[in-house]
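The values are calculated or read from the model by the stated rules, or taken from the named source; none is laboratory data. Predicted model, so just to flag it, every value in this text is computed and none were measured. Positions of Cβ are backbone-derived with ideal geometry, glycine not excepted, and every protein chain shown enters the neighbour counts. Please note that ligands, DNA and RNA were not included when accessible areas were found on the heavy atoms of the full protein model with its side chains. Shrake-Rupley method; radii C 1.70, N 1.55, O 1.52, S 1.80 Å.
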Amino acid sequence: DTAVSQTPKYLVTQMGNDKSIKCEQNLGHDTMYWYKQDSKKFLKIMFSYNNKELIINETVPNRFSPKSPDKAHLNLHINSLELGDSAVYFCASSQGSGAHQETQYFGPGTRLLVL
Amino acid sequence: AQSVTQLGSHVSVSEGALVLLRCNYSSSVPPYLFWYVQYPNQGLQLLLKYTSAATLVKGINGFEAEFKKSETSFHLTKPSAHMSDAAEYFCAVSRNSGGSNYKLTFGKGTLLTVNP
């Protein structure tokens, strides 16, 4: 019954590796998001997709590449991982087109540690 | 640019005491404001949101917030704290990111601890 799910929950890897995080929502929402939460709990949006189309692309290194195979899934692939990529990554979704008043529903997070 | 500032990175209250978490916004247009809560090792959950329908907004778990334009504030309150309220609280504002797209900009968060 999980609304927004992410896998894996924890990810420990070496610098330079490539890794992916998967996100799925079963709420029937049209818009999905990726956020990064740093060690000081600061939360910042990275990307947003509406019906598989990229609508928000913040200043994120090219090593980060989101992919949305359908509107229920939004995956995040990270190439050449760096120490600074260590963070908690949250997926979220909202019902409509990402309008200003929409509630976002968050997944449980993926804790990435780069060694 | 629209942003929010949360005053106090850490607030500590006794169980049963009033909870007051402060959030001020800067916006040149009527803002859409949100309070989210993050329990330990979990994702964020919406507590309440202001969308200009009413200045006093009631949310889940007994929380409410009042939008005060004159003070550019949207402080979160709860009359009586429970131990289960211990969490990180985030104020956020919805900002236009181009065209009809909007994004949430979060404050730095306030950690609420509740003492028995």
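Before moving on, here are some points about what is shown:
- Members of the range B:62-116 found to be on the phi > 0 side of the Ramachandran plot and at pLDDT below 95, listed by number: B:72, B:98, B:99
Condition check ((1) within 13 Å of the chain's Cα centre (by Cα); (2) under 30 Å from residue A:57 (Cα atoms)) across all residues:
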{"residue": "B:4", "(1), (2)": "yes, yes"}
{"residue": "B:15", "(1), (2)": "no, no"}
{"residue": "B:38", "(1), (2)": "yes, yes"}
{"residue": "B:42", "(1), (2)": "no, yes"}
{"residue": "B:65", "(1), (2)": "yes, no"}
{"residue": "B:92", "(1), (2)": "yes, yes"}
{"residue": "B:109", "(1), (2)": "yes, yes"}
{"residue": "B:112", "(1), (2)": "yes, no"}
{"residue": "B:116", "(1), (2)": "no, no"}
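- Inter-residue pairs, beta-carbon under 6 Å, first over 20 Å from residue A:92 (Cβ atoms) and in the range A:2-28, second open to solvent by 50 Å² or more (accessible area, probe 1.4 Å) and hydrophobic (A, V, I, L, M, F, W, C), 6+ apart: A:12/A:113; A:14/A:115
- Within the range A:42-82, the residues that satisfy the criterion of being away from chain B (no Cβ under 11 Å), of a type outside the set (Ser, Thr, Tyr), without any contact (Cβ under 8 Å) to a residue 24 or more places away in the chain and not in a loop (DSSP other than H, G, I, E, B) are A:64, A:67, A:69, A:70.
- Flag for residue A:6 being surrounded by fewer than 13 Cβ atoms within 10 Å (Cβ to Cβ), farther than 30 Å from residue B:53 by Cα and either touching a Ser or Thr at 6+ places or on another chain (Cβ under 8 Å) or more than 9 Å from chain B (Cβ to nearest Cβ) (or both): no
- Scanning the range B:82-111 for residues that are open to solvent by less than 10 Å² (accessible area, probe 1.4 Å) and in contact with an Asp or Glu (Cβ under 6 Å, 6 or more places away or on another chain) returns a single hit, B:109.
- Among residues of the range B:6-23, those that are assigned to a strand (DSSP E or B) and modelled with pLDDT of 95 or more, counted: 11
- Qualifying positions in the range A:83-103 - over 21 Å from residue B:101 (Cα atoms), assigned to a strand (DSSP E or B) and among the aliphatic types (A, V, I, L, M): A:87, A:88
- Matching strands (runs of 3 or more DSSP E) fully within the range B:73-114 where at least 3 residues are more than 8 Å from chain A (Cβ to nearest Cβ) and under 17 Å from residue B:7 (Cβ atoms): B:73-78, B:87-98
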